1. Go through (1) open to solvent by 10 Å² or more (accessible area, probe 1.4 Å); (2) within 30 Å of Q41 (Cα to Cα) one by one and return the number of the condition E171 breaks.
2. May I ask you to verify whether V200 is under 30 Å from D139 (Cβ atoms), assigned to a helix (DSSP H, G or I) and at pLDDT 70 or above?
3. Condition first: at pLDDT below 90, among the hydroxyl-bearing types (S, T, Y) and either at positive phi or part of a helix (DSSP H, G or I) (or both). Now tell me which residues in the range 274-296 satisfy that.
4. For the range 128-169, how many residues meet the condition of being part of a helix (DSSP H, G or I) and not aliphatic (A, V, I, L, M)?
5. How many residues are of a type in the set (K, R), in contact (Cβ under 8 Å) with a residue 40 or more places away in the chain and either open to solvent by 60 Å² or more (accessible area, probe 1.4 Å) or more than 20 Å from F95 (Cβ to Cβ) (or both) when one looks only at the range 2-35?
6. Quickly run through the range 113-127 and pick out the residues that are open to solvent by 30 Å² or more (accessible area, probe 1.4 Å) and under 19 Å from the mean Cα position of the chain (by Cα).
7. What is the one condition in (1) surrounded by 11 or more Cβ atoms within 10 Å (Cβ to Cβ); (2) under 33 Å from the mean Cα position of the chain (by Cα) that L70 does not satisfy?
8. Please note which helices (runs of 4 or more DSSP H) are completely contained in the range 18-103 and include at least 2 residues that are in contact with a Ser or Thr (Cβ under 6 Å, 6 or more places away or on another chain).
Amino acid sequence: MGPRVQLPPEIQLAQRLAGNEQVTRDRAVRKLRKYIVARTQRAEGGFTHDELLKVWKGLFYCMWMQDKPLLQEELGRTISQLIHAFQTTEAQHLFLQTFWQTMNREWMGIDRLRLDKFYMLMRLVLHESLKALKTRGWDERQTEQLLELLMTEILHPDSQAPNGVKSHFIEIFLEELTKVGARELTADQNLRLIGPFCTVAARTQDPLVLHGVTRGVFEAIVEQAPLAVEELVNELQEEEEERGGDTPSGEPPEGSVSGAKPDPGKEQAGDDEEEEEEDSAGTVLQFDYEAVANRLFEMASRQDTPPQNRKRLYKVIRKLQALSEGLFPEDDIPEKAYRNPRGGRRVRMKKRLFESQLQNKIGRAAEEASCPDPSLASGRRRRSAGPDPAAPREQPRGRGRRGAPRRRRRPWAGARAKAADGQAPKAKRKRTLEGQK
């Protein structure tokens with residue numbers, strides 16, 4: 001018997017990550033993190049593309065084996081945060097590239113009962129990748145590299161991404177970008193981050209991708225415009241209040257005791273409250289709507305743009321140009337209606353119904369004002385409105401004759417006799433017997 005062949009550490013970890021016991025899988029995830037940190041710290045270290053594909057296959061089946069939603073979410077966060085264990089940007093991008101390639105390869109084998117946790121894993125990985133970009137100050141070069149990686153692996157025509165991966169990525173990109181960078185991103189940076197979607201929407205031949213990008217990115221920006229303006233006004237008011245309410249540096253603020261030591265419990269609670277305020281503030285991304293419209297028009301007006309793409313994008317461009325001029329498409333809709341991201345069409349239908357009802361009321365009021373006798377006005381309104389719906393109406397009888405009496409059909413004599421004693425009549429029975437002879 002020959003000596004045992006020593007397997008590479010990536011394969012050993014992948015086997016343990018896909019183990020049947022949860023304890024074995026949890027230990028393998030912790031060991032994987034330590035292994036990534038130790039290997040990427042060395043100058044000659046680093047992972048190859050094939051090694052990270054093997055690691056991600058183990059992580060994929062580690063998520064596959066995990067049940068219970070809370071444990072799935074915890075494992076998804078642990079896996080997605082492995083990106084921060086890599087020391088260089090190139091290693092992080094290779095880790096992300098192999099993740100999306102693994103999802104594209106394994107997507108068709110996922111059953112419907114496991115779809116939700118892999119949807120969640122994609123959302124968490126995208127969130128952590130944007131967080132890693134945020135820690136580097138939203139560097140322009142690294143932002144372009146990350147966006148190029150995502151477009152190449154997911155939305156490029158030559159990519160192997162299934163429609164489910166494409167649709168979910170388009171749907172969650174703006175949401176996760178809002179969670180990570182809505183507080184500090186400027187309008188120019190946001191335009192740079194959605195720039196590749198402008199190119200994809202103008203060049204794609206896939207109607208699913210075109211509909212997803214226009215609905216999930218550009219129309220979402222239009223629907224969030226009232227909230228963005230309101231948030232900007234609130235920020236300006238807060239800045240004015242802070243400037244006007246500054247206290248002198250030598251005097252302690254009102255209600256404070258000079259020289260008193262701060263309570264550590266209160267200090268911890270204050271830190272938690274500040275973190276919650278930072279998370280809750282900046283709920284909407286700020287955009288320069290005119291710049292977004294110009295960028296879209298530049299891409300849509302090219303000769304190689306398909307006609308259906310150009311027609312769809314021109315509709316979005318008109319909405320963005322109206323926003324840049326201060327005209328909101330639905331400014332009389334309550335603010336709560338804008339918080340429903342998928343209720344735009346229903347809101348517009350309610351708006352049209354409300355306007356038609358309002359016009360009817362105005363017309364009736366003008367008619368009553370023009371006629372001095374109210375009884376005549378009510379009679380005229382009844383005649384114009386048609387017959388009273390409460391009054392009984394004579395139903396048409398017969399085909400082609402209105403109000404003609406319907407002719408009743410008499411039952412067949414044999415049927416009456418059969419209904420009477422449960423048997424067919426004798427005359428009929430004789431005829432059938434003679435016919436058989």
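1. Result: E171 fails condition (2) only.
2. yes
3. S280
4. We begin by selecting, within the range 128-169, every residue part of a helix (DSSP H, G or I); these are 128-135, 140-155, 163-169.
Those left that are additionally not aliphatic (A, V, I, L, M): 128-129, 131, 134-135, 140-145, 148, 152-153, 163-164, 166-169.
Adding up the residues that qualify gives 20.
5. First pass over the range 2-35, keeping only residues of a type in the set (K, R): 4, 16, 25, 27, 30-31, 33-34.
Cutting the leftovers down to in contact (Cβ under 8 Å) with a residue 40 or more places away in the chain gives us 16, 25, 33.
Right, trim to either open to solvent by 60 Å² or more (accessible area, probe 1.4 Å) or more than 20 Å from F95 (Cβ to Cβ) (or both) and you get 16, 33.
Number satisfying all stated conditions: 2.
6. The answer is L115, D116, Y119, M120, R123, H127.
7. Of (1) surrounded by 11 or more Cβ atoms within 10 Å (Cβ to Cβ); (2) under 33 Å from the mean Cα position of the chain (by Cα), only one is false for L70: (1).
8. Per the criteria, 49-65.
The values are calculated or read from the model by the stated rules, or taken from the named source; none is laboratory data. Since we're looking at a predicted model, the values are computed, not measured. Glycine also receives a Cβ, built like all others from the backbone with ideal geometry; neighbour counts cover every protein chain displayed. Each accessible area value is taken on the protein alone, full model and side chains, heavy atoms only, with ligands, DNA and RNA left out. Shrake-Rupley method; radii C 1.70, N 1.55, O 1.52, S 1.80 Å.
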